[in-house]
Amino acid sequence: DARVTQTPRHKVTEMGQEVTMRCQPILGHNTVFWYRQTMMQGLELLAYFRNRAPLDDSGMPKDRFSAEMPDATLATLKIQPSEPRDSAVYFCASGNRQDGGEAFFGQGTRLTVV
Amino acid sequence: GQSLEQPSEVTAVEGAIVQINCTYQTSGFYGLSWYQQHDGGAPTFLSYNGLDGLEETGRFSSFLSRSDSYGYLLLQELQMKDSASYFCAVSLNTGGFKTIFGAGTRLFVKA
């Protein structure tokens with residue numbers, strides 16, 4: 001069945017290292033979102049793309065985070081350099097609603113930066 | 001600023017009906033979504049309301065009143081597996097679209 005696939009599922013890295021998270025959206029979905037979830041902040045929208053074009057990345061720390069969609073089947077989120085405060089679960093979601101409603105989430109990447 | 005409020009916890013018994021409310025103060029409101037998340041899992045889409053009124057999907061229903069900036073999720077015939085966190089999320093059109101999630105309501109279903 002159709003699902004959003006994220007890799008890796010878990011990542012432990014040392015502070016200062018680069019981290020790359022990948023997402024394969026559901027085939028046919030034209031909108032892709034990156035969210036971060038922590039106990040303190042809840043679910044935060046980091047960035048989103050429509051038809052592979054970045055529409056909003058105002059929720060993302062620009063100095064260290066970057067998001068791209070090199071093609072319709074792959075979205076990436078990079079952190080360089082990583083910091084302990086980046087430890088969180090990062091979710092990718094995809095959908096067809098331009099307003100972001102009715103989004104289908106991947107299983108997430110649990111990132112721990114030590 | 002933009003804000004959403006929902007109760008932090010709700011407890012109900014198996015077989016009962018529970019309502020989880022969500023109030024919002026936003027500009028550019030476009031629609032309201034509901035998601036379920038089990039511990040360690042991913043948010044799962046439940047329903048979307050773009051217009052006022054009730055949307056029904058099986059045991060779950062969702063309601064929206066734009067004039068009251070209010071919505072709710074209604075869960076009927078509660079089952080133990082419904083124990084999870086439930087998030088309301090508003091879609092905003094502020095020159096571009098954006099989605100903001102509430103802090104979530106933890107639902108405990110007791111036998």
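In chain A, Cα pairs under 8 Å separated by at least six residues give a relative contact order of 37 percent. Using Cβ point charges alone (K and R +1, D and E -1), the dipole size of chain A about the Cα centre works out to roughly 180 debye. Charged neighbours of B:Gly53, selected by a Cβ distance under 13 Å, balance to -3 (K, R count +1; D, E count -1). Remark: mean inter-chain Cβ contacts per residue of B:48-55 equal 1, using a 10 Å Cβ-Cβ cutoff to other protein chain atoms. Per residue of B:83-95, other chain Cβ atoms within 10 Å of the residue Cβ number 2 on average. Averaged over the residues of peptide B:38-47, the number of Cβ atoms from other protein chains lying within 10 Å of each residue's Cβ is 4. Taking a cut-off of 19 Å between Cα atoms, list the aspartates and glutamates near A:Lys78, but don't count ones fewer than 8 places away on the same chain. Hits, sequence-local ones excluded: A:Glu14, A:Glu18, A:Glu44, A:Asp56, A:Asp57, A:Asp63, A:Glu68, A:Asp86.
Please list, ordered by chain and number, the residues whose modelled amide H lies under 5 Å from the amide H of A:Ser87; skip anything fewer than 5 residues away on the same chain. Those qualifying (amide H under 5 Å, at least 5 residues apart or on another chain) are A:Val113. Using a cut-off of under 18 Å, list every residue of the range B:16-37 whose amide N is near the label point 7 Å from the Cα of B:Arg66 along the Cα-to-beta-carbon line. Those under the cut-off are B:23-34. For a paramagnetic label modelled on A:Ala72 (point 7 Å from Cα along Cα→Cβ), amide N atoms under 19 Å away belong, within the range A:1-27, to A:2-5, A:23-27.
Counting only Cβ charges, +1 for Lys and Arg and -1 for Asp and Glu, the dipole size of the range B:62-110 around its Cα centre is about 140 debye. Counting only Cβ charges, +1 for Lys and Arg and -1 for Asp and Glu, the dipole size of the range B:1-86 around its Cα centre is about 160 debye. Note on the range A:48-114 and the range B:29-102: Cα centroid distance 22 Å, given to the nearest whole angstrom.
The mean sequence distance of close C-alpha pairs (under 8 Å, at least 6 residues apart), as a share of the length of the range B:1-77, puts its relative contact order at 30 percent.
Think of the range A:1-88 as having a plus end and a minus end, set by charges on the Cβ of Lys, Arg, Asp and Glu; of A:Gln41, A:Ala67, A:Gly28, A:Gly28 sits farthest toward the positive end of this dipole. In this structure, B:Thr57 and A:Thr38 have a Cβ-Cβ separation that, at R0 = 41 Å, corresponds to a calculated FRET efficiency of about 0.90.
Read-outs: derived from the displayed coordinates by stated rules, not from any lab. This is a predicted model, so every value here is computed, not measured. For neighbour counting, all protein chains shown are included, and Cβ atoms are generated from backbone atoms with ideal geometry for every residue, glycine included.
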